[in-house]
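K.L.:
Before we start, here is the structure in question, set down as structure tokens.
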Amino acid sequence: MRRRGFLALTVPGLLALASCSSAGSDSGTTTSDGGGDAGSGSFSYTPEGYDGLTVELDQKPQKIVADIYSAAALQPFGITFAGVFGFGKGAGGQGDLDLEKENIIGLDAEFSLEKLAAATPDLVIGVGNEKGDGWTWWDEKVTTQVAEVAPYLPVRMSGTPQEMIDRYTGIAKALGADVETAEQKQAKKDFDTAVERVRAVAEEKKDWLTVMALNIAGDEIYTSDTLGVTTMLADLGLNLVGPEAPKDSAWATSSWEKISDYDADVILLAETSSGYEENSLWTSLPAVEADQVGSWDDKRAYSYTVQTTWLNDLAEVLEKAEDVVK
């Protein structure tokens, strides 16, 4: 699956605008609950998956702009933002992030360099491109323009939910946040309990239970068993079925006529899916007829509370599921 092309809005006098903006604003500062002054000392972080790259600042960043995926993952640590941008609004990637209270730099493929400059960020954080010098959906021109405003900290979007949470926890700690609060520890315990609940039902029904994760866009059907979230489900013992993805992609494509060839007792439907509700081939699938449909999102917010809610919802679907493809 591919995101649509990125829209760059070039703004004359970008750096001049940034220098004229109020440097004294406290909007979007890093915070710390008992972990010391988030703004004191230097900042250094070596992002995982980018060999030889280290982002260094003389002081810990006070004003951060982040893509929605990263903001949703960092917010639980008390980190606030001078601005947010990118994909995720209204989907799992937004998590508990209240976009009504955020300074929107741009949504989806839209991005305002003018708003970025006005936010005067010390650091921009988001899903990284291959080089790690910008957002994965920016073209080279926008990447260069953003670099003139603030350094970029890339996040490699790969790995299981636990691995991604660990990755963002490391970033939060580098920013000066306390990542060992009682609330965080309880959230981790709740997550582990939900994980074990899914593992238990997978073990109980291992002789017959099959699951297929779908992302549907009208006549286009995508499946995956190699993304981080589906890897986690397989590791927990669930038998994932569906067409095999090509070597150069995490996604396999299929048609309505072919997808019915894969017997699934439970279907997990991506929350961004559309154009399937009235399709007779959808309503005739055994899992759909039996109302054994759950949800999934390959970029659901990487926070313990958001992931725990989803895992418990999934466990409930699996616990109630019956063998419908005997």
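K.L.:
Which residues, taken from the stretch 73-105, are without any contact (Cβ under 8 Å) to a residue 60 or more places away in the chain and in contact with a helix residue (DSSP H, G or I) (Cβ under 8 Å, 6 or more places away or on another chain)?
P.N.:
Matches in the stretch 73-105: PHE81, ALA82, GLY83, VAL84, PHE85, GLY86, LYS89, LEU99, GLU102, ILE104, ILE105.
K.L.:
Specify which of the listed residues (THR136, THR120) is surrounded by fewer than 22 Cβ atoms within 10 Å (Cβ to Cβ) and either farther than 22 Å from ALA172 by Cα or assigned by TED's automatic domain parsing to the domain that holds TYR50 (or both).
P.N.:
THR136 is the lone residue from the list that is surrounded by fewer than 22 Cβ atoms within 10 Å (Cβ to Cβ) and either farther than 22 Å from ALA172 by Cα or assigned by TED's automatic domain parsing to the domain that holds TYR50 (or both).
K.L.:
Under 22 Å from GLU163 (Cα atoms) and in a helix (DSSP H, G or I) - does that describe any residue in the stretch 249-264? I'd like the intermediate steps shown before the answer.
P.N.:
First, pick out the residues of the stretch 249-264 that are under 22 Å from GLU163 (Cα atoms): 249-251.
Among the residues that remain, those that are also in a helix (DSSP H, G or I) are: none.
The answer is no; no qualifying residue exists.
K.L.:
From the list ALA245, ALA234, pick out the single residue that is out of contact with any helix residue (DSSP H, G or I) (no Cβ under 9 Å at 6 or more places or on another chain) and part of a helix (DSSP H, G or I).
P.N.:
Working: ALA245 fails: part of a helix (DSSP H, G or I).
Every option except ALA234 fails the conditions.
K.L.:
Next question, about the same structure. Kindly evaluate VAL306 against the criterion of being part of a helix (DSSP H, G or I) and touching a residue at least 12 places away in the same chain (Cβ under 8 Å).
P.N.:
yes
K.L.:
Could you check, for the stretch 47-67, whether at least one of its residues is among the acidic types (Asp, Glu), at pLDDT 95 or above, touching a Gly at 6+ places or on another chain (Cβ under 8 Å) and within 15 Å of LEU123 (Cβ to Cβ)?
P.N.:
Yes, there is a match, as at least one residue in the stretch 47-67 is among the acidic types (Asp, Glu), at pLDDT 95 or above, touching a Gly at 6+ places or on another chain (Cβ under 8 Å) and within 15 Å of LEU123 (Cβ to Cβ).
K.L.:
Have a look at SER295, SER249, SER274 and point out the one that is hydroxyl-bearing (Ser, Thr, Tyr), under 23 Å from the mean Cα position of the chain (by Cα), at pLDDT 95 or above and in the same structural domain as ASN312 (by TED's automatic domain parsing).
P.N.:
Testing whether each residue is hydroxyl-bearing (Ser, Thr, Tyr), under 23 Å from the mean Cα position of the chain (by Cα), at pLDDT 95 or above and in the same structural domain as ASN312 (by TED's automatic domain parsing) leaves just SER295.
K.L.:
Here is a further query. Please list, ordered by first then second residue, the pairs with beta carbon atoms under 8 Å, 6 or more apart or interchain, first in the stretch 40-54 and of a type in the set (Val, Ile, Thr), second not in a loop (DSSP other than H, G, I, E, B).
P.N.:
If the second residue must be not in a loop (DSSP other than H, G, I, E, B), the pairs left are THR46/VAL55; THR54/SER44; THR54/TYR45.
K.L.:
Select from the stretch 272-303 the residues that are part of a loop (DSSP other than H, G, I, E, B) and free of Cβ contacts under 8 Å to residues at least 24 places away in the same chain and write down the one among them that is surrounded by the most Cβ atoms within 10 Å (Cβ to Cβ).
P.N.:
Of everything passing the filter in the stretch 272-303, ASN279 is surrounded by the most Cβ atoms within 10 Å (Cβ to Cβ).
K.L.:
So, of the residues in the stretch 159-173 that are among the small types (Gly, Ala, Ser) and crowded, with 19+ Cβ neighbours inside 10 Å, which turns out to be farthest from GLY49 (Cα to Cα)?
P.N.:
ALA172
K.L.:
For LEU269, work out the one condition from (1) surrounded by fewer than 23 Cβ atoms within 10 Å (Cβ to Cβ); (2) outside any strand (DSSP E or B) it doesn't fulfil.
P.N.:
(2)
K.L.:
So, of the residues in the stretch 195-227 that are surrounded by 21 or more Cβ atoms within 10 Å (Cβ to Cβ) and touching a Gly at 6+ places or on another chain (Cβ under 6 Å), which turns out to be farthest from TRP310 (Cα to Cα)?
P.N.:
THR223
K.L.:
Within the set of pairs 6 or more residues apart or between chains, which connect a residue that is more than 15 Å from PRO61 (Cα to Cα) inside the stretch 172-194 to a residue that is outside any helix (DSSP H, G or I) with Cβ atoms less than 7 Å apart?
P.N.:
From the stretch 172-194, the pairs are ASP178/SER32; ASP178/ASP33; ASP178/GLY34; ASP178/GLY35; THR181/ASP33.
The values are calculated or read from the model by the stated rules, or taken from the named source; none is laboratory data. Everything numeric in this text was worked out from a predicted model, so none of it was measured. Quick reminder, even Gly has a Cβ in these numbers, built from the backbone with ideal geometry, and neighbours come from all protein chains shown.
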